[in-house]
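Presented below is the structure to which this report refers.
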Amino acid sequence: MTSGDGRPVVILGAGLTGLSTALHLRRSPFLVAEREQRVGGKARSERRDGYTFDVTGHWLHLRDDRVKALVRGLFEAGQLVEIERRTGVFTHGVMLPYPIQANLHGLPLPLVRDCLVDFVQAQVTAASPGAPAPRTFREYAERRFGRGLAELFFVPYNTKLWGVRPDELTPDWGSRFIPLPEPAQVIGGALGLRQEGLGYNARFLYPRAGGIDHLPEAMAARVRTRRPDSIRIGCAVEEVDPEGRRVKLQGVPDWVEYRALVSTIPLPQLVARMPSAPAEVREAAAALRWVSWSYLDIATRRAPPMHEHWVYVPELHIPFFRVGVYTNALPAMAPPGAGALYVELADRSGHVRLRDMIPHLCAMGALAGPDDVVFSELRHEECAYVLFDDACHEATTTIHAWLGRVGVRACGRYGAWTYNSMEDSIIQGMEAAAWAEA
Ligand SMILES: Cc1cc2nc3c(=O)[nH]c(=O)nc-3n(C[C@H](O)[C@H](O)[C@H](O)COP(=O)(O)OP(=O)(O)OC[C@H]3O[C@@H](n4cnc5c(N)ncnc54)[C@H](O)[C@@H]3O)c2cc1C
């Protein structure tokens, strides 16, 4: 392995953050070590019998001009499609446009009235001097939208999504992702004036060929053009010795010395691989919690009747919280006339019976009929969402402060330990590259 001035920047993980770091290193030699047999991390795709599935919906919402230029430069003209979001909320047997807080029309009138009254009351309370800041996500939802909307959507939906009660969650993660309509939009939407285009993700990009993995594959191809052997797959990091500035990698007999280390693997896993981490850092890592994800890939004979790209399902008696139809965005993700969908499950135990789902999927139009399933596969993602509880902020601050002192940069969704998008991950990779070469 190279040493001295020739020591590489070592990057742990070849998801979008790691690949973006590699792409943006200008001068330095580098080595990307990826545990799996392919690049992409969460932005990978599975293919079977002409159907394509991602790790549930992976739609590219781009706002940053640098990322837009990068992504467009990775694809030939016409290889990316831009799609206007079609999303809904299915509750009380009715499909409402998203977001529900601005589209209550269609629900039973007494329920609409109660939600509006509570919303107005919440606005009045929030405007009064000295109103305290919310401490939990439940308080945030009740104070921002009123108790009616909190109970109708925010509390049950987030209970299913996070697998814990919203009283255990801090409110900070939601501010960027939850649309905050004006009172006129809330009232207009309750009267039937459809409110569209609200929120951070009204349009998205997606590879025309089908499968979000075309993005990391294109990034990896560009990295390899510059440095052919710089990405090692099937090469997990086993140990990090920050004092010696070296890492132990699977299948590599000697320690690999590094000039700078960028880690995108989950933060608790990084600390677990650092025997020299002090006790307070280990304790902080032990306090971090995360949410695993169980979901079904479903292949259907016919195109689903529902026309939305994805739908939120808050009611607790329905065993899933979100359903998406890939083929509504891109028909090429299934054989002609067929459908490919994902169903994100509230239960993470693995005891899932498709037949329990089918009546609900039919009721909301995600399946044309009970015999429409060609095949389904249950998938599990161990670390999907960082759980923002009371301990999280202090614990991550402790860990990152120590990592900073020993010259390690942990970034990306799971390295930084945050809630982010693919675009954010690409930006974090850019920033990590600048840090490594500073
Ligand atoms: C269910 C879900 C849906 C999402 N939907 C969207 C969406 O619609 N739009 C959007 O913009 N974003 C979405 N995201 C977010 C998006 O997936 C992430 O922002 C992004 O993919 C994170 O990239 P990353 O490189 O930081 O992490 P990862 O993709 O997790 O990459 C980390 C890499 O490290 C590797 N690794 C782990 N341990 C080791 C080890 N010991 N040694 C070496 N390598 C290791 C992993 O195999 C992986 O390849 C979604 C995320 C989830 C979980």
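Side notes on the structure shown:
- The overall shape of region 368-438, judged from the alpha-carbon gyration tensor, is prolate: a/c is not under 1.5, and a/b is greater than b/c.
- Taking 426, 233 and counting other C-beta atoms within 10 Å, the order from fewest to most: 233, 426
- The shape of region 1-128 comes out prolate: with a ≥ b ≥ c from the C-alpha gyration tensor, a/c is at least 1.5 and a/b beats b/c.
- From helices alone, the chain scores -9500 deg cm²/dmol at 222 nm; the rule is -39500 (n - 2.57) for each run of n ≥ 4 DSSP H residues, then divide by the residue total.
- Charge-dipole axis of the chain as Lys and Arg at +1 and Asp and Glu at -1 on Cβ define it, positive-most pick from 99, 223, 363: 223
- Multiplying the residue separation of residue 128 and residue 64 by 0.36 nm and removing their Cα-Cα distance gives an extension gain of 19.4 nm.
- Remark: region 215-260 is approximated by an ellipsoid whose semi-axes, taken from the C-alpha gyration tensor as √(5λ), come to 24, 12, 9 Å, largest first.
- Out of every Cα-Cα pair that region 58-133 contains, those further apart than 18 angstrom amount to 64 percent.
- Debye, to nearest 20: dipole size of the chain, +1 on Lys, Arg Cβ, -1 on Asp, Glu Cβ: 840 debye
- For region 87-191, the percent of C-alpha pairs falling in each 10 Å distance bin, counted from 0 to the bin holding the largest distance, reads 15, 49, 32, 4, 0.
- Packing, as the average of other Cβ atoms within 10 Å across residues, places the peptides 324-337, 250-263 in the order 324-337, 250-263, highest first.
- When the alpha carbon gyration tensor of the chain is reduced to an equivalent ellipsoid, the three semi-axes, largest first, read 39, 27, 20 Å.
- Highest mobility in the GNM of the chain, judged by mean-square fluctuation with C-alpha springs under 10 Å and restricted to 54, 241, 424, is found for 241.
- Here the gap between residue 221 and residue 348, fully extended at 0.36 nm per residue and compared with their Cα-Cα distance, gives a gain of 42.2 nm.
- Maximal additional length on extending the residue 363-residue 406 stretch stands at 10.0 nm, based on 0.36 nm per residue less the C-alpha distance.
- Around the Cα centre of region 87-191, unit charges on the Cβ atoms of Lys, Arg, Asp and Glu (plus for the first two, minus for the last two) sum to a dipole of about 80 debye.
- Amide N of region 136-150 lying under 16 Å from the label point, which is placed 7 angstrom from the Cα of residue 94 along Cα→Cβ: 148-150
Readers should treat all values here as calculations from the given coordinates under stated rules, not as data from a laboratory. These figures come from a predicted structure and were not determined experimentally. Neighbour counts are summed over all protein chains in view; Cβ atoms, including those assigned to glycine, are modelled from backbone coordinates with ideal geometry.
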